[in-house]
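A.B. asks: Here it is, the structure in full.
The values are calculated or read from the model by the stated rules, or taken from the named source; none is laboratory data. Here the structure is a predicted model, which is why all the values come from computation and not from measurement. Here the Cβ is made from the backbone with ideal geometry for all residues, glycine too, and neighbour counts use every protein chain on show.
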Amino acid sequence: MSIKDYFVSLFKGIHSLIKGMEVTGRELVTPKVTEQYPENRATLKIPERFRATLTLVYDENGNHKCIACRTCERNCPNGTIHIDTRMVDLPNGKKKQKLDKYIYDLGSCTFCDLCVTTCPTHALEFSNDFEQAVFRREALVKQLNYLPEKDEPVAPAAPVVQAKTAQPAQDGEATQAAAPKNEENNAKQE
């Protein structure tokens, strides 16, 4: 290394030191802004797009739109979502899969929004409630379907018609009913 290279690198170092001290000096004299959290909760503005925790969307009647298709569970990159389902019988005799438990682990969520964007019924959304501090990690595992599931509407049963026993049988029915009795009587006589 020559003397010229030594002095060039020395002046570059001093120049960079002065530039850094200039930035520090400017920040030293600017007015400071301190968040007064948690005292300013009422006036604190959280952006709408902030993703804090996953929630099921409920309507005014307490129903959610989740059809338990498990698309969100399959698309979650680290297994944050676990869905338990049960089969129920519908009034028309068919079976349907219903949501039993929607388990969400906030502690392992990466807030990637894949579950929300791929939900076919738009039953999920991220709330911007950012206060999720807890003392135990188990408290971060939440069941999202906290409201009791509403029963399926039952179709009205068909009215029961009682047959009148005193009504005389029609000619065709009487001869058909009498034919087996005649055969039984003939068999007994033989």
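A.B. asks: Can you list residue pairs whose Cβ atoms sit under 7 Å apart, with the first residue in region 82-111 being within 23 Å of Leu147 (Cβ to Cβ) and aromatic (Phe, Trp, Tyr) and the second being surrounded by 14 or more Cβ atoms within 10 Å (Cβ to Cβ) and at pLDDT below 90? Count only pairs 6 or more apart in sequence or on different chains.
C.D. replies: Taking only residues 6 or more apart or on different chains, the pairs are Tyr102/Asn145.
A.B. asks: In region 43-59, which residues are part of a loop (DSSP other than H, G, I, E, B) and hydroxyl-bearing (Ser, Thr, Tyr)?
C.D. replies: Answer for region 43-59, where residues must be part of a loop (DSSP other than H, G, I, E, B) and hydroxyl-bearing (Ser, Thr, Tyr): just Thr43.
A.B. asks: How do the pairs read when you match residues in region 44-55 that are closer than 15 Å to Gly107 by Cα with residues anywhere that are surrounded by 12 or more Cβ atoms within 10 Å (Cβ to Cβ) and modelled with pLDDT under 90, using Cβ under 9 Å and keeping only pairs 6 or more apart or on different chains?
C.D. replies: Arg51/Asn128; Ala52/Asn128; Ala52/Phe130; Ala52/Gln132; Thr53/Asn128; Thr53/Phe130; Thr53/Gln132
A.B. asks: If you don't mind, another one. Suppose we keep only residues that are outside any helix (DSSP H, G or I) and basic (Lys, Arg) within region 12-41. Which one would you say is nearest to Glu131 (Cα to Cα)?
C.D. replies: Arg41
A.B. asks: Quick one: His15 ticks every box in (1) farther than 28 Å from Leu144 by Cβ; (2) surrounded by 14 or more Cβ atoms within 10 Å (Cβ to Cβ) bar one, so which box is it?
C.D. replies: Of everything listed in (1) farther than 28 Å from Leu144 by Cβ; (2) surrounded by 14 or more Cβ atoms within 10 Å (Cβ to Cβ), His15 misses just condition (2).
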